Amino acid sequence: MSQPPSHLSPALLTALADGELLSGFSADQLDAASQHLAACPACTSSALAEALLKSATAKAGQRYSPPPDLRERLAHLLAQESATTTLHTLPNQRPTRGFSLPVWAMAAALLLVALPAGLIERGTQRTAQRPAARTAALATEVIDQHIATLAANSPPQVVSTDRHTVKPWFQGKLPFSFNLPSDLPADITLDGANLTYLDNRPAAQLLYSIGKHRVSVFLRQGATPSGRSASTHFSAERSGFHVAGFTTPDLEAVAVSDVEPARLTDFTTRLELVQTPAANPPQ
Amino acid sequence: MTLLPWKRAARETAPQASVFEEFALPLLPALYNVAVWLSRNPSDAEDLVQETCLKALRGFSSFELGTNFKAWIFRILRNTYLTSRSGLAARRTVALEAELAEGEGLTVYPEAAIDRQTPEVNLLRLSDRAALQAAMEALAPPLLEVILLCDVEELKYKEIASVLDIPIGTVMSRIARARAALRASLQAATPQATTPLAAMLKAQPPREFRA
């Protein structure tokens, strides 16, 4: 067969200069191109010009250097950010430059306010295994993770509105299982889920929407598998977010959202109901 | 005493932050350079880099180790720029995406856009750094960003596609258009360019961009 003496296409010259010949060109095309290149001075010269343009652009593009103190300021900012995130400051309240002392002072002040808030319980009395500080720290961590999820650009690790897809996804990833409610009001939808960690223990983060409000529900294995038969409830409000949760002998659940508290509590109640085997026969 | 749980929690998140810093800080010069090119303003660029790093740190848990961190953080930089003041202004000033989309379907580039004669003057201009930088400044933002990612940051087509959220084919055609535009403005800037090609290119000056 005869090879038409066609010049290399602009696309091929571009890919050649970028070392990307393997993306988008067949072996035949590459063969024909290299034969042509060997015989055609014009194309060789074009290929050379393309390569020279690329390297000249690369040099000309290295134009601006960061101010000498930017690196240090940024490192400081990042350190502060990871500290303040733990101190449950909302993103829009975060300082953009270094305010080390006020942040800690504010944290201490918030702590005094937050601690009693974390203590509101509607069920049985507190026990030694669940002191106030632990509840408060848990609420903080849950709010942080929820905010981080809202801030992240990426989709959840499993994206599905179908609870029969989301629940099995956790098989082999979590040392426990759970049930998801089926008969939810029309404006509550499942968006997906993430595998995450709470207090160094694996947890499921289920992402729901109530209307336009995003909800994160964290489920993890109960800390006290036996001993207590009755479940406990708790709820708290902090930084504009509501936290509601319950504890069964096998499971700890915490939901966080900026939706109104009554709707969140209604939602966690529905979630709690399906965790008991009697209410939810095995499928 | 009541502060103890908080302190412990702060220490626990510290390793993640330091891992993030190990990833992000070496890329600081690159992020800053691209940020100034895009925003055309050092102080906007500084804000842009800071915001990018904070967003990236907050979202770091969603970054999968082993995948390309550079492409990931440039994607955040680019999205942050698009929603920033200067990014929004740039998009308002010129309806570039629409304008570009018209030609995007064309896989065949006008043959004349490749200068087969390669005049010496063109090669000479390449060594003129200022002229090339002026030519880059004159590029439409979608062409400039693709050139920055491809030539300056040396990302692969696949990575550029994920940063810009466009198909690889579009990446390739944008790069070809960007290089053709650079060649055109280098020649247009040369007074003695009297070849028919240069005349043709002069008749169609590259798109102006004003932030």
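The values are calculated or read from the model by the stated rules, or taken from the named source; none is laboratory data. This is a predicted model, so every value here is computed, not measured. FYI the Cβ positions are ideal-geometry reconstructions off the backbone, even for glycines, and counts take in every protein chain you see. These accessible areas exclude ligands, DNA and RNA; they are computed on the full protein's heavy atoms, side chains included. Shrake-Rupley method; radii C 1.70, N 1.55, O 1.52, S 1.80 Å.
Using the Cβ-Cβ distance between A:Q62 and A:Y197 with R0 set to 51 Å, the FRET efficiency from 1/(1 + (r/R0)^6) comes to roughly 0.80. Roughly how many Å is it from the Cα centre of the range A:142-209 to that of the range B:161-180, as a whole number? Centre-to-centre distance over Cα atoms comes out at 35 Å.
Which shape class applies to the range A:165-221: rounded if a/c is under 1.5, otherwise prolate when a/b exceeds b/c and oblate if not, where a ≥ b ≥ c are the square roots of the Cα gyration tensor eigenvalues?
It comes out prolate by the Cα gyration axes.
In this structure, the pairs whose alpha-carbon distance is over 19 Å, taken from B:K70/B:K156; A:K59/B:K158; A:K173/B:K70, are A:K59/B:K158; A:K173/B:K70. Here the spin labels are modelled as points 7 Å beyond Cα on the Cα-Cβ line, and at B:I168 and B:A130 they lie 4.1 nm apart. Taking each residue as 0.36 nm, the span from A:S239 to A:L30 lengthens on full extension beyond its C-alpha to C-alpha distance by 69.2 nm. For the range A:155-257, the square roots of the Cα gyration tensor eigenvalues, ordered a ≥ b ≥ c, give a/c of at least 1.5 with a/b no greater than b/c, which places it in the oblate category. Extending 7 Å from the Cα toward the beta-carbon at both B:N79 and A:D266 defines two label points whose distance is 3.2 nm. Between A:D69 and A:L21, the contour length at 0.36 nm per residue exceeds the Cα-Cα span by 13.2 nm.
Summed over both chains, the area buried between A and B is near 5500 Å², taken from the accessible surface of protein heavy atoms with a 1.4 Å probe.
Note on A:D162 and A:D258: their simple-model spin labels are 3.3 nm apart, each label 7 Å out from Cα toward Cβ. So if R0 is 41 Å, what FRET efficiency would B:E154 and A:A186 give, r being the distance between their Cβ atoms, rounded to the nearest 0.05? The calculated FRET efficiency here is 0.20.
Gain on full extension, evaluated as 0.36 nm per residue between A:A39 and A:Q221 minus their Cα-Cα distance, stands at 58.5 nm.
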